[in-house]
Amino acid sequence: MKKFRGIYLKNDNEITLLREAGRIVAAILEELRIQVAPGVTTMEFENLALDLCEKYKVKPAFKGYLGYPFALCCSVNEEVVHGFPSGRVLVEGDLVSFDMGVVYKGFYGDSALTVPVGRVDARAEELLSVTRTSLFEGIDQAKLGNDLYDISRAVQKYVEGRGFSVVRRFVGHGIGKHLHEKPEVPNFAPPGASRVPLQPGMVLAIEPMVTAGGPEVEVLSDKWTAVTKDRSLSAHFEHTVAVTKHGPVILSVRD
């Protein structure tokens, strides 16, 4: 496997395996999405995710990773990332985020989305729209001739231009035979960062985490669940994307 500045560059065969891992993650997330409704507990999504991993004959990537105890990260409202599935019952107006990863033939798939529970208010709808669109603004910049931080700047500009904030404590990442590889992919332009020219074969998990209030977060006593410090709503969307000579290719889609 070739490297560029410590970043693994994937060949066509490896990207094919990553695409299949991503396809399975996308299928699992879609099954979770259609089950979202008031009255459902977040643990029900964990159980469904485990059943689907068994169905697709893949290993859940997060379970046991650095001690994380679940297959699924399930975060509600002010929970930004790494929320624990539990007996919490979803209610009308909530936002629930699912972050899911699998291992397929030694390669990782990773993707996330945020789903409204029933009807949500206008601010929550706008937060969802802005976060989702900012992901695609970032993906559009994942092309040869650009720098890694062109992705970051595109996300930040779109989000902040609409009155929302990007979380800085957590970032996207490279992905391949490991869940987290170099480089980090922040959703903001780090001051003074060295340029990282995008290369064919880079595979990046791009994942804007956006809040309706300020960007600061804190981690709860479970040592995993990150919440907005001001307890404002948060949303999270993520795709795994390959940088190719033909432009960015989203790997975490069903077809």
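Taken over the range 140-149, residues that are under 12 Å from Thr244 (Cα atoms) and aliphatic (A, V, I, L, M) amount to 2.
Take Ala49 and decide whether it is under 15 Å from the mean Cα position of the chain (by Cα) and not in a strand (DSSP E or B).
Values: under 15 Å from the mean Cα position of the chain (by Cα): no; not in a strand (DSSP E or B): yes.
In short, no.
Pairs linking a residue in the range 117-144 that is at pLDDT 95 or above to a residue that is aromatic (Phe, Trp, Tyr) and in a loop (DSSP other than H, G, I, E, B), with Cβ atoms under 6 Å and 6 or more positions apart or on different chains, are Val130/Phe164; Thr131/Phe237; Arg132/Phe237; Leu135/Phe237.
Considering only the range 198-211, I want to know if a residue exists there that is part of a loop (DSSP other than H, G, I, E, B), acidic (Asp, Glu) and at pLDDT 95 or above. Yes: one or more hits.
Among the conditions (1) surrounded by fewer than 16 Cβ atoms within 10 Å (Cβ to Cβ); (2) in contact with a Pro (Cβ under 9 Å, 6 or more places away or on another chain), Val159 misses just one, which is (1).
With respect to Pro183, is the statement that it is of a type outside the set (S, T, N, Q), farther than 17 Å from Asp99 by Cβ, outside any loop (DSSP other than H, G, I, E, B) and at pLDDT 95 or above true? Don't jump to the end; show me each part of the working.
On the way: of a type outside the set (S, T, N, Q): yes; farther than 17 Å from Asp99 by Cβ: yes; outside any loop (DSSP other than H, G, I, E, B): yes; at pLDDT 95 or above: yes.
Against the criterion (of a type outside the set (S, T, N, Q), farther than 17 Å from Asp99 by Cβ, outside any loop (DSSP other than H, G, I, E, B) and at pLDDT 95 or above), Pro183 qualifies.
A search for C-beta distances below 7 Å between a residue of the range 50-77 that is closer than 20 Å to Val36 by Cα and any residue that is surrounded by 13 or more Cβ atoms within 10 Å (Cβ to Cβ) and among the hydroxyl-bearing types (Ser, Thr, Tyr), counting only pairs 6+ apart in sequence or on different chains, returns Cys74/Thr42; Ser75/Ser97; Val76/Thr42. When each of Leu251, Leu198 is tested for being free of Cβ contacts under 8 Å to residues at least 60 places away in the same chain, out of contact with any Phe, Trp or Tyr (no Cβ under 9 Å at 6 or more places or on another chain) and not acidic (Asp, Glu), the lone residue that passes is Leu198.
The values are calculated or read from the model by the stated rules, or taken from the named source; none is laboratory data. Worth saying up front: this structure is predicted, and the values here are computed from it rather than measured. We place every Cβ from the backbone using ideal geometry, glycine too, and count neighbours over all the protein chains shown.
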